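Notes to accompany the following structure.
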Amino acid sequence: MRTDVLKVAAQRNMFLTPDALEIILSNAEPMMFVNNILSAISKNAMFVEKNDVLNFLSGDVLKKEITEPVAPKNKSQHDISVIKGSDVTGESTCEGKVDDFSKYFMSRYNAIRDLLRNRLGAVLPLDKALTMQREVQVIGMVSESALTKNGHRMLTLEDESGTCKVLIMKDSGRVNDIVVNDEVVGVIGSPTKDGGLLVADEIIRPSVPTNRSWLRTDSVSSVAFLSDVHVGSGTFLETRWKNMVKWLKENAKKMDLDYIVLPGDVVDGIGIFPGQQEELLIDDIHRQYSRLGEYLKEIPDHIKMVVQPGNHDACRPAEPQPALSEVFTKTFDSNVMLTANPVGLEIEGRKILTYHGRSIDDWVASVQKLSYDDSIAVMREMLERRHLAPMYGMKTALAPERKDYLVIDKVPDIFVTGHVHSADTVEYRGIRLIAASTWQDQTEYQRMHNFNPSPGVMPMVHLGTGDTIMKRF
């Protein structure tokens, strides 16, 4: 990584002093961090010193606007790949044994602990921290969170050394912060004299850098998202779908729309919920996927498509879900890439985290402040904890893999979810957050719960500029 960072600086005819380099390398995302810094500093500067980095972190350095014209990109082939280690397909190890669960939670703990250490520095094991007579820093997984009868909040943290009670005082201003079971947090606080618990001064989460911004590139391509198609459902909006395909045929090439990602629930499935049979237009799972293949063939051939499963698809329900089997997708064209859920993609240099979003059900059920009407707010909570589905044992089944694939180990440029059939987009700390709509009308179940979807919307993000369009059909 040190060599890569120095190479980036050298390409801009800049040199990093040793002190500046060490601060950059201590960041969770050194390559992104150094690019941000170098873009913010005057082109006439030759040396980047420690104070330049500190000034950037404090916000004293203003980023220069990129106004130079960008060169057209060679469009001879697609530049898309799965980020290494993000796809469980063919890599699943879980057998449901006790040892699998132990390794799964240790994988999560270790991955997020490393992210937290970049913010906290040196930390103590819980058992040793309770013996100190000074302020300490610890990291642990939340096994319980509850309000006391006096209005304080009591957390139970676990690490490899044992457990620890953490008290958040009601007048601390943090007592009503969202805390969910099985998330990994850092705590700065002081032990009581008897060593019985830790009184928290601050709760630290891994989060994403606050100073992160979208850096423009020379890419001229755009990527679109088509979630929750639900082919086979009697409420599938075929007319809107055909209008969208017609629009693509007329406009995709001139807009350089070269990629489409479908984040799950591409068909309606069979037996997903009681009474579903009565709502199906196609009641055979193979024919549902065959019809989907026909619909995808109507999309212009130059567009590379990525299809991942959701909870309605013919795939194991436990996340992470491997890619759809060729048993169901053998009629798909060669321009369709099959991936896991979730998965990290890199498209023309942009990191895209795409997740169907089943855990949104658990977030809404567990946190009073969150609702289906604002799935973007749920996505922000996921980024804050750097985990897509921290709560174990709820609606979202989690497969105990030796690696926790739902940890957000790399900060994405684009983060997209589906599942709740809403359509929205915001920019959050340089990340484009996308709620990717649906192609299914309101179902009877949604009507009973007074939920109104936002169907027939295709979000599109320009990979160079980050400009986002919500195209409605």
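Taken over the alpha carbons of the range 115-221 as equal point scatterers, the Debye sum produces base-10 log I(q)/I(0) values at 0.22 Å⁻¹ of -1.22. Taking the range 165-187 and a reference point 7 angstrom along Cα→Cβ of M132, the backbone N atoms nearer than 14 Å belong to 186-187. In this structure the chain gives 45 Å² per residue of accessible area when probed at 1.4 Å with all protein chains present.
The listed peptides 271-284, 194-207, ordered by packing as a protection proxy, come out as 194-207, 271-284 (highest mean of other Cβ atoms within 10 Å first).
When the Cα positions of I431, Y405, A377 are compared along the charge dipole of the range 372-431, Y405 comes out farthest toward the positive end, with charges on each C-beta of Lys, Arg, Asp and Glu.
Counting Lys +1, Arg +1, Asp -1, Glu -1, what net charge surrounds G264 among other residues with beta carbon under 9 Å of its beta carbon? Before the final figure, lay out the partial values.
Numbers: positive: R358; negative: D228, D265, D313.
So the surrounding residues net to -2.
In sequence order, the range 173-181 has phi-based couplings of x, 10, 5, 9, 4, 5, 10, 10, 4 Hz under the Karplus curve 6.51 cos²θ - 1.76 cosθ + 1.60, θ = phi - 60°, and Gly or Pro positions carry x. Here the contact order of the chain, divided by its residue count and restricted to Cα pairs under 8 Å and six or more residues apart, works out to 17 percent.
Other residues within the sphere of radius under 10 Å centred on the Cβ of S107, judged by their own Cβ, net out at +2 (K and R +1, D and E -1).
Cα extents for the range 327-434 along the principal axes, largest to smallest and rounded to whole angstrom: 45, 32, 29. Model label points for I270 and C94, set 7 angstrom from Cα along the Cα-to-Cβ axis, are 2.5 nm apart.
With an 8 Å cut-off on Cα pairs and a minimum separation of 6 or more residues, tell me the relative contact order of the range 172-307 in percent. If you can, show how the numbers build up before the last one.
Numbers: 155 pairs, mean separation 32.2, N = 136.
Result for the range 172-307 is 24 percent.
Extension gain for L124 to E144 (0.36 nm times residue separation, less C-alpha to C-alpha distance): 5.1 nm.
With each label point set 7 Å from Cα along the Cα-Cβ vector, what nm distance links K297 and L25? Reported label-point gap for K297 and L25 is 5.5 nm.
Close Lys pairs in the range 325-473, defined as Cα atoms under 29 Å apart and 8 or more places apart or on different chains, number 10. Would you list, by chain and number, the aspartates and glutamates whose Cα falls below 15 Å from the Cα of K254, excluding same-chain residues fewer than 8 positions away? The reachable aspartates and glutamates, counting only those whose Cα sits under 15 Å from K254, are D301. Legend: Rg and Dmax of the range 285-334, from Cα coordinates, 11.4, 33 Å.
Considering only protein heavy atoms and a probe of 1.4 Å, how much of the accessible area of the range 149-236 is carbon and sulfur, as a whole percent? Reported share for carbon and sulfur atoms: 45 percent. Between Q442 and Q77, the simple spin-label model (points 7 angstrom out along Cα→Cβ) gives 4.9 nm. If R0 is taken as 35 Å, the Cβ-Cβ distance between K395 and R429 corresponds to a FRET efficiency of 0.80. Solvent-accessible surface of protein heavy atoms, probed at 1.4 angstrom with all chains present, puts L147, L370 in the order L147, L370, largest first. What the Cβ-Cβ distance of D171 and L6 gives, at R0 = 35 Å and to the nearest 0.05, is a FRET efficiency of 0.15.
The S325 and I178 beta-carbon pair, evaluated with R₀ = 45 Å, returns a calculated FRET efficiency of approximately 0.75. Short-range pairs are left out: with C-alpha atoms under 8 Å and at least six residues apart, the relative contact order of the range 158-225 is 28 percent.
The values are calculated or read from the model by the stated rules, or taken from the named source; none is laboratory data. All of these numbers come straight from a predicted model, not from anything done at the bench. Glycine also receives a Cβ, built like all others from the backbone with ideal geometry; neighbour counts cover every protein chain displayed. In case anyone asks, the SASA skips ligands and DNA or RNA and just uses the protein heavy atoms, side chains included. Shrake-Rupley method; radii C 1.70, N 1.55, O 1.52, S 1.80 Å.
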